[in-house]
Amino acid sequence: MLPRHNPFSTKCIRPGAIGFLFLNGERANDLIERLRDAAWRGQIIGDHGSGKSTLIAALADPLKRAGRRTWTIRLRDGQRGLPRGWASAAERAGANMIVIDGYEQLSRWSRWLIAVRCRRHDWAVLVTAHRDVGFPTIFCTRASVEVAQAVVARLVPSGDETISRQTVTERFLAADGDVREMLFALYDEYELRGTSAKR
């Protein structure tokens, strides 16, 4: 019997809803050590939909245990500037690390402003980007069919065969390796197949 909710709904696939999948034996604490060795300045590099935002969410608790109080700025596609009042808000929150998801979108002026504010407040910096933006690289996210299958296995309840492994592979390839876009497509696929099964 099909579950009453779609396992690919936004609340199920948003960053932090499922943990980041380390498939090469690494752990979140390994990244924290790399950040520490780089004087708490680092970048996570990866293509669209390869898990950068999910990894940022997965690092929140390990960073807290390492004494880093984070203030996260998540930039929308095409957002060139910083949110108004971000530095004051981070200061009021007692942050000592600024996390910027989508850093490469920012204008040169915004990047300069971040550098100045972080030096002034002695804030650490962790950013995500699609390419090298000048920080020490602590991790590169890479999507693959194996990763896509593992993510879907975490989302779909045991015994639910609405979405086959073949379908996952096809949707992953159709999305050009973008796991996030694949999950959006699987939401529609799940709704369609679930509706057909009820007829």
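The values are calculated or read from the model by the stated rules, or taken from the named source; none is laboratory data. Because the structure is a prediction, the values reported are computed rather than measured. Positions of Cβ are backbone-derived with ideal geometry, glycine not excepted, and every protein chain shown enters the neighbour counts. All accessible areas refer to the heavy atoms of the entire protein, side chains included, with ligands and DNA or RNA removed. Shrake-Rupley method; radii C 1.70, N 1.55, O 1.52, S 1.80 Å.
Scalar couplings 3J(HN,Hα) for the stretch 6-19, obtained by applying the Karplus form with A = 6.51, B = -1.76, C = 1.60 to θ = phi - 60°, are 8, x, 9, 5, 4, 5, 8, 10, 5, x, x, 6, 10, x Hz; x denotes Gly and Pro. Shown for the stretch 1-114: the carbon plus sulfur share of the solvent-accessible area, taken with all protein chains present and a 1.4 angstrom probe, equals 48%.
Might you tell me the accessible area per residue for the chain, computed with a 1.4 Å probe and given in Å²?
Details: 11300 Å² over 199 residues.
About 57 Å² of surface per residue is accessible.
Which label marks the calculated value of Kirkwood radius over Cα pairs in Å, given the options [x] 18.2; [y] 20.4; [z] 18.9? Computing Kirkwood radius over Cα pairs in Å and matching it to [x] 18.2; [y] 20.4; [z] 18.9 gives [x]. Taking amide H atoms as placed 1.01 Å from N in the peptide plane, the amide H of VAL127 lies under 5 Å from those of GLY42, GLN43, ILE44, ILE100, each 5 or more residues away in sequence or on another chain.
The trypsin sites (Lys or Arg not before Pro) of the stretch 1-51 that DSSP puts in a loop, and whose beta carbon has at most 12 other beta carbons within 10 Å, are ARG4, ARG27.
Just subtract the alpha-carbon distance of GLU161 and SER144 from 0.36 nm times their residue separation and send over the number in nm, one decimal.
Full extension of this stretch gives 4.0 nm more.
Principal-axis analysis of the Cα atoms of the chain puts helix 108-121 at an angle of about 60° to the longest axis. For the stretch 1-56 versus the stretch 135-193, the spacing of their alpha-carbon centroids is 14 Å. Once you mark the GluC sites (Glu not before Pro) that are in a DSSP loop and have at most 12 other Cβ atoms within 10 Å, what is the longest gap between them in the chain? That would be 27-160.
Close amide H pairs (under 5 Å, H built 1.01 Å from N) link THR72 with VAL99, residues at least 5 positions away or on another chain.
Per DSSP H run of at least 4 residues, take -39500 (n - 2.57); add these up for the chain, divide by its residues and hand me the 222 nm value, nearest 500 deg cm²/dmol. Intermediate values should be presented prior to the final figure.
Values: 9 runs with 89 residues, N = 199.
When only DSSP H runs of four or more count, the value is -13000 deg cm²/dmol.
For the stretch 117-187, with all protein chains present and a 1.4 Å probe, just round the carbon and sulfur fraction of the accessible area to a whole percent. Provide the component values of the computation, followed by the final result.
Details: 1760 of 3840 Å².
Ligands and nucleic acids excluded, carbon and sulfur reach 46 percent.
Please state the shape class of the stretch 33-100: rounded when a/c is under 1.5, otherwise prolate if a/b exceeds b/c and oblate if not, all from the C-alpha gyration tensor. Write down the numbers at each step before the final one.
On the way: a/c = 1.87, a/b = 1.04, b/c = 1.80.
Cα axes put the stretch 33-100 in the oblate bin.
When you filter the trypsin sites (Lys or Arg not before Pro) in the stretch 65-127 for DSSP loop state and at most 10 other Cβ atoms inside 10 Å of their Cβ, you are left with ARG76, ARG84.
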